[in-house]
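The values are calculated or read from the model by the stated rules, or taken from the named source; none is laboratory data. The model shown is predicted, which means the values in this text are computed figures rather than measured ones. So basically every Cβ, Gly included, is an ideal-geometry build from the backbone, and we count neighbours across all protein chains shown. What goes into the accessible areas is simple: the full protein's heavy atoms, side chains included, and nothing from ligands, DNA or RNA. Shrake-Rupley method; radii C 1.70, N 1.55, O 1.52, S 1.80 Å.
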Amino acid sequence: MSDDRPPRVPILMYHAVAFAPTPAVRALSVTPDAFAEQLAALADGGFTPLTAAALATAWRRGGPLPDRPVLITFDDGYEGVHRHALPALARYGFPATLFLSTGWLRGPYDTGDAPDTMLDWRQVRELAAAGVEIGGHSHGHPPLDGLDDRRLRHEVLRCRELIAEEVGTAPESFAYPYGHSDRRVRRTVRGLGFRQALAVGNALAARAQGPYALARLTVRRRTGTEEFARLVEGRGLVRAYAADRVLTKGYAVVRRARQAVRPCPPGS
(Lines give C-alpha, C1' and ligand atoms only; values in the text may rest on other atoms or scores of the structure.)
Protein backbone atom coordinates (compact mmCIF):
# COMPACT_ATOMS: atom_id res chain seq x y z
CA MET A 1 0.00 0.00 0.00
CA SER A 2 1.50 3.35 -1.05
CA ASP A 3 2.08 6.19 1.39
CA ASP A 4 0.64 9.40 -0.08
CA ARG A 5 1.45 11.58 2.92
CA PRO A 6 3.59 14.65 2.14
CA PRO A 7 7.25 13.84 2.81
CA ARG A 8 8.97 15.14 5.92
CA VAL A 9 12.70 15.66 5.66
CA PRO A 10 15.39 15.64 8.38
CA ILE A 11 17.54 18.76 8.13
CA LEU A 12 20.57 18.27 10.37
CA MET A 13 22.05 21.37 12.02
CA TYR A 14 25.74 21.19 12.89
CA HIS A 15 28.05 23.89 14.21
CA ALA A 16 31.72 23.20 15.00
CA VAL A 17 33.41 19.95 13.98
CA ALA A 18 36.44 19.84 16.26
CA PHE A 19 38.41 17.72 18.72
CA ALA A 20 38.91 20.57 21.21
CA PRO A 21 36.47 23.43 20.66
CA THR A 22 36.24 26.37 23.02
CA PRO A 23 33.86 26.05 25.99
CA ALA A 24 31.50 28.49 24.28
CA VAL A 25 30.76 26.11 21.40
CA ARG A 26 31.56 22.70 22.90
CA ALA A 27 27.97 21.63 23.57
CA LEU A 28 26.96 22.37 19.97
CA SER A 29 30.05 20.76 18.46
CA VAL A 30 30.73 17.21 17.29
CA THR A 31 34.06 15.42 17.10
CA PRO A 32 35.43 14.63 13.64
CA ASP A 33 35.11 10.93 14.46
CA ALA A 34 31.45 11.30 15.43
CA PHE A 35 30.73 13.29 12.29
CA ALA A 36 32.32 10.60 10.11
CA GLU A 37 30.28 7.91 11.89
CA GLN A 38 27.08 9.88 11.32
CA LEU A 39 27.79 10.23 7.62
CA ALA A 40 28.44 6.50 7.47
CA ALA A 41 25.07 5.91 9.14
CA LEU A 42 23.36 8.06 6.50
CA ALA A 43 25.09 6.18 3.71
CA ASP A 44 24.27 2.78 5.22
CA GLY A 45 20.66 3.88 5.72
CA GLY A 46 20.21 4.77 2.06
CA PHE A 47 19.74 8.50 2.66
CA THR A 48 20.25 10.98 -0.18
CA PRO A 49 21.71 14.31 0.96
CA LEU A 50 20.52 17.52 -0.72
CA THR A 51 21.39 21.19 -0.37
CA ALA A 52 18.91 23.64 1.11
CA ALA A 53 18.46 25.22 -2.32
CA ALA A 54 17.73 21.87 -3.96
CA LEU A 55 15.10 20.91 -1.39
CA ALA A 56 13.37 24.28 -1.52
CA THR A 57 13.38 24.30 -5.31
CA ALA A 58 11.79 20.84 -5.45
CA TRP A 59 9.08 21.85 -3.00
CA ARG A 60 8.49 25.19 -4.72
CA ARG A 61 8.03 23.53 -8.10
CA GLY A 62 6.27 20.45 -6.82
CA GLY A 63 9.04 18.24 -8.17
CA PRO A 64 9.98 14.79 -6.88
CA LEU A 65 12.46 14.18 -4.10
CA PRO A 66 15.00 11.35 -4.05
CA ASP A 67 14.58 8.36 -1.77
CA ARG A 68 15.15 9.19 1.90
CA PRO A 69 16.25 12.82 1.46
CA VAL A 70 18.30 14.49 4.19
CA LEU A 71 20.10 17.83 4.52
CA ILE A 72 23.46 18.38 6.20
CA THR A 73 23.85 22.00 7.28
CA PHE A 74 26.47 23.92 9.24
CA ASP A 75 25.97 27.25 11.01
CA ASP A 76 28.39 30.12 11.69
CA GLY A 77 31.49 29.08 9.70
CA TYR A 78 33.88 27.20 12.00
CA GLU A 79 37.27 26.23 10.59
CA GLY A 80 36.66 22.54 11.27
CA VAL A 81 34.06 22.45 8.50
CA HIS A 82 36.95 22.77 6.06
CA ARG A 83 39.55 20.79 8.01
CA HIS A 84 37.42 17.86 9.16
CA ALA A 85 33.93 17.88 7.62
CA LEU A 86 34.88 18.47 3.99
CA PRO A 87 37.08 15.35 3.65
CA ALA A 88 34.33 13.23 5.21
CA LEU A 89 31.68 14.68 2.91
CA ALA A 90 33.94 14.10 -0.10
CA ARG A 91 34.44 10.47 0.91
CA TYR A 92 30.72 9.83 0.42
CA GLY A 93 30.08 12.39 -2.31
CA PHE A 94 27.62 14.19 -0.03
CA PRO A 95 26.60 17.81 -0.63
CA ALA A 96 25.98 20.16 2.29
CA THR A 97 24.95 23.74 3.03
CA LEU A 98 27.09 26.14 5.08
CA PHE A 99 25.50 29.26 6.59
CA LEU A 100 28.08 31.99 7.23
CA SER A 101 28.15 34.73 9.84
CA THR A 102 30.36 36.94 7.70
CA GLY A 103 31.58 39.18 10.51
CA TRP A 104 32.98 36.16 12.32
CA LEU A 105 35.17 34.91 9.48
CA ARG A 106 38.90 35.57 9.49
CA GLY A 107 39.78 38.33 7.08
CA PRO A 108 39.06 41.98 6.29
CA TYR A 109 35.50 42.02 7.65
CA ASP A 110 36.24 40.29 10.98
CA THR A 111 34.48 42.01 13.87
CA GLY A 112 36.55 40.18 16.49
CA ASP A 113 33.53 38.58 18.15
CA ALA A 114 33.86 34.99 16.93
CA PRO A 115 33.57 32.31 19.65
CA ASP A 116 36.21 29.97 18.16
CA THR A 117 38.59 29.62 15.20
CA MET A 118 36.62 30.37 12.06
CA LEU A 119 37.05 29.84 8.34
CA ASP A 120 38.84 32.38 6.19
CA TRP A 121 37.50 33.40 2.80
CA ARG A 122 39.96 31.23 0.87
CA GLN A 123 38.59 28.18 2.69
CA VAL A 124 35.04 29.31 1.98
CA ARG A 125 35.82 29.47 -1.73
CA GLU A 126 37.37 26.00 -1.59
CA LEU A 127 34.24 24.66 0.10
CA ALA A 128 32.07 26.26 -2.58
CA ALA A 129 34.27 24.80 -5.32
CA ALA A 130 33.83 21.37 -3.70
CA GLY A 131 30.05 21.62 -4.02
CA VAL A 132 29.07 23.00 -0.62
CA GLU A 133 26.22 25.49 -0.92
CA ILE A 134 27.17 28.77 0.77
CA GLY A 135 24.30 30.49 2.55
CA GLY A 136 23.86 33.51 4.79
CA HIS A 137 23.59 33.63 8.58
CA SER A 138 23.72 37.42 9.14
CA HIS A 139 26.86 39.51 9.59
CA GLY A 140 27.28 39.66 13.36
CA HIS A 141 24.98 36.80 14.50
CA PRO A 142 22.46 38.80 16.59
CA PRO A 143 18.88 37.62 17.27
CA LEU A 144 17.32 39.32 14.27
CA ASP A 145 13.85 39.68 15.72
CA GLY A 146 15.25 42.02 18.39
CA LEU A 147 16.71 44.53 15.94
CA ASP A 148 15.15 47.69 14.57
CA ASP A 149 14.45 47.81 10.85
CA ARG A 150 17.70 49.57 9.92
CA ARG A 151 19.96 47.15 11.80
CA LEU A 152 17.97 44.17 10.60
CA ARG A 153 18.41 45.20 6.98
CA HIS A 154 22.12 45.84 7.51
CA GLU A 155 22.72 42.41 9.09
CA VAL A 156 21.04 40.54 6.25
CA LEU A 157 22.21 42.69 3.34
CA ARG A 158 25.83 43.00 4.49
CA CYS A 159 26.04 39.23 4.80
CA ARG A 160 24.59 38.66 1.33
CA GLU A 161 26.79 41.26 -0.34
CA LEU A 162 30.01 39.96 1.21
CA ILE A 163 29.29 36.37 0.19
CA ALA A 164 28.46 37.47 -3.35
CA GLU A 165 31.68 39.48 -3.57
CA GLU A 166 33.99 36.85 -2.07
CA VAL A 167 32.45 33.69 -3.51
CA GLY A 168 31.23 35.09 -6.80
CA THR A 169 27.62 33.96 -6.40
CA ALA A 170 24.91 35.58 -4.31
CA PRO A 171 23.55 33.15 -1.70
CA GLU A 172 20.01 31.81 -2.10
CA SER A 173 19.58 30.26 1.36
CA PHE A 174 19.57 31.83 4.82
CA ALA A 175 19.51 30.51 8.38
CA TYR A 176 18.26 32.65 11.27
CA PRO A 177 20.78 33.14 14.10
CA TYR A 178 19.54 31.19 17.14
CA GLY A 179 16.62 30.11 14.96
CA HIS A 180 14.71 33.27 15.87
CA SER A 181 12.49 35.02 13.36
CA ASP A 182 9.14 36.70 13.03
CA ARG A 183 7.05 37.93 10.13
CA ARG A 184 9.09 41.14 9.80
CA VAL A 185 12.39 39.23 9.74
CA ARG A 186 11.13 36.71 7.20
CA ARG A 187 9.79 39.50 5.00
CA THR A 188 13.18 41.28 5.13
CA VAL A 189 15.12 38.11 4.30
CA ARG A 190 12.84 37.45 1.36
CA GLY A 191 12.91 41.05 0.18
CA LEU A 192 16.72 41.12 0.12
CA GLY A 193 16.90 38.22 -2.31
CA PHE A 194 17.03 35.01 -0.30
CA ARG A 195 14.75 32.33 -1.73
CA GLN A 196 14.49 30.13 1.38
CA ALA A 197 15.38 30.28 5.05
CA LEU A 198 15.87 27.74 7.83
CA ALA A 199 14.94 27.97 11.48
CA VAL A 200 15.55 25.36 14.20
CA GLY A 201 12.34 23.95 15.66
CA ASN A 202 13.89 20.51 16.29
CA ALA A 203 11.34 18.84 14.06
CA LEU A 204 11.32 17.34 10.59
CA ALA A 205 10.98 19.83 7.76
CA ALA A 206 7.79 19.85 5.70
CA ARG A 207 6.66 21.73 2.64
CA ALA A 208 3.70 23.12 4.62
CA GLN A 209 6.10 25.08 6.86
CA GLY A 210 6.76 27.39 3.91
CA PRO A 211 10.13 28.21 2.33
CA TYR A 212 11.09 30.75 5.02
CA ALA A 213 10.52 28.66 8.16
CA LEU A 214 11.94 25.20 7.50
CA ALA A 215 12.66 23.25 10.69
CA ARG A 216 15.99 21.62 11.56
CA LEU A 217 17.30 19.05 14.03
CA THR A 218 20.15 20.05 16.35
CA VAL A 219 23.11 17.64 16.43
CA ARG A 220 25.24 18.01 19.56
CA ARG A 221 28.36 16.61 21.13
CA ARG A 222 26.20 14.38 23.31
CA THR A 223 24.24 12.99 20.34
CA GLY A 224 25.14 9.31 20.35
CA THR A 225 24.94 6.81 17.51
CA GLU A 226 21.56 5.38 18.53
CA GLU A 227 20.02 8.78 19.12
CA PHE A 228 21.30 10.03 15.77
CA ALA A 229 19.65 7.08 14.04
CA ARG A 230 16.35 7.90 15.73
CA LEU A 231 16.58 11.60 14.83
CA VAL A 232 17.06 11.07 11.11
CA GLU A 233 14.12 8.65 11.13
CA GLY A 234 11.99 11.24 12.96
CA ARG A 235 11.53 9.02 16.02
CA GLY A 236 11.62 10.22 19.62
CA LEU A 237 11.94 13.91 18.77
CA VAL A 238 9.71 15.15 21.58
CA ARG A 239 11.78 13.34 24.19
CA ALA A 240 15.13 14.19 22.60
CA TYR A 241 14.39 17.92 22.52
CA ALA A 242 12.16 18.34 25.58
CA ALA A 243 14.60 20.67 27.34
CA ASP A 244 15.06 22.73 24.18
CA ARG A 245 11.32 23.28 23.89
CA VAL A 246 11.11 24.61 27.46
CA LEU A 247 13.98 27.04 26.79
CA THR A 248 12.47 28.10 23.47
CA LYS A 249 9.19 29.01 25.15
CA GLY A 250 11.04 31.04 27.77
CA TYR A 251 13.11 32.88 25.18
CA ALA A 252 9.93 33.63 23.21
CA VAL A 253 8.41 35.39 26.22
CA VAL A 254 11.56 37.48 26.70
CA ARG A 255 11.75 38.39 23.00
CA ARG A 256 8.09 39.43 22.90
CA ALA A 257 8.65 41.67 25.92
CA ARG A 258 11.65 43.31 24.27
CA GLN A 259 9.76 43.83 21.02
CA ALA A 260 6.89 45.45 22.90
CA VAL A 261 9.17 48.24 24.10
CA ARG A 262 11.09 48.64 20.84
CA PRO A 263 10.66 52.22 19.56
CA CYS A 264 8.54 52.60 16.45
CA PRO A 265 10.32 54.08 13.43
CA PRO A 266 9.43 57.65 12.47
CA GLY A 267 6.19 57.87 10.55
CA SER A 268 4.96 54.47 11.62
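Treating r as the C-beta distance of Asp120 and Ala40 and R0 as 22 Å, the FRET efficiency rounds to 0.15.
Per residue, what accessible area does the stretch 1-67 have, given a 1.4 Å probe and all protein chains present, in Å²?
On the way: 3470 Å² over 67 residues.
On a per-residue basis, the stretch 1-67 sits at 52 Å².
Placing pseudo-labels 7 Å out from each Cα toward the beta carbon at Arg8 and Asp33 gives an inter-label distance of 3.3 nm. Distance between the modelled labels on Thr48 and Ala243, one decimal in nanometres: 3.7 nm (7 Å Cα→Cβ projection). Which of these, Ala58, Ala85, Ala36, has the largest mean-square fluctuation under a Gaussian network model of the chain (Cα springs below 10 Å)? Comparing Ala58, Ala85, Ala36 in a Gaussian network model of the chain, the most mobile one is Ala58.
Is the shape of the chain best called rounded, prolate or oblate, per the rule: a/c under 1.5 gives rounded, else a/b larger than b/c gives prolate, else oblate, with a ≥ b ≥ c the square roots of the Cα gyration tensor eigenvalues? In terms of gyration-tensor shape, rounded. Of the residues Val156, Val25, Val81, the one that moves most in a GNM of the chain with alpha-carbon contacts below 10 Å is Val25. Largest GNM mean-square fluctuation across Ala197, Ala129, Ala170, computed for the chain with C-alpha springs under 10 Å, falls on Ala129. Once the 1.4 Å probe is applied to the protein heavy atoms, the stretch 167-229 comes out at 43 Å² accessible per residue. Taking the accessible area of the chain, probe 1.4 Å, and keeping the other protein chains in place, the carbon and sulfur fraction comes to 53%. Each of Gly45, Phe194, Ile134 was scored by the projection of its Cα onto the charge dipole of the chain, and the greatest displacement toward the positive side belongs to Phe194; charges sit on the C-beta of Lys, Arg, Asp and Glu.
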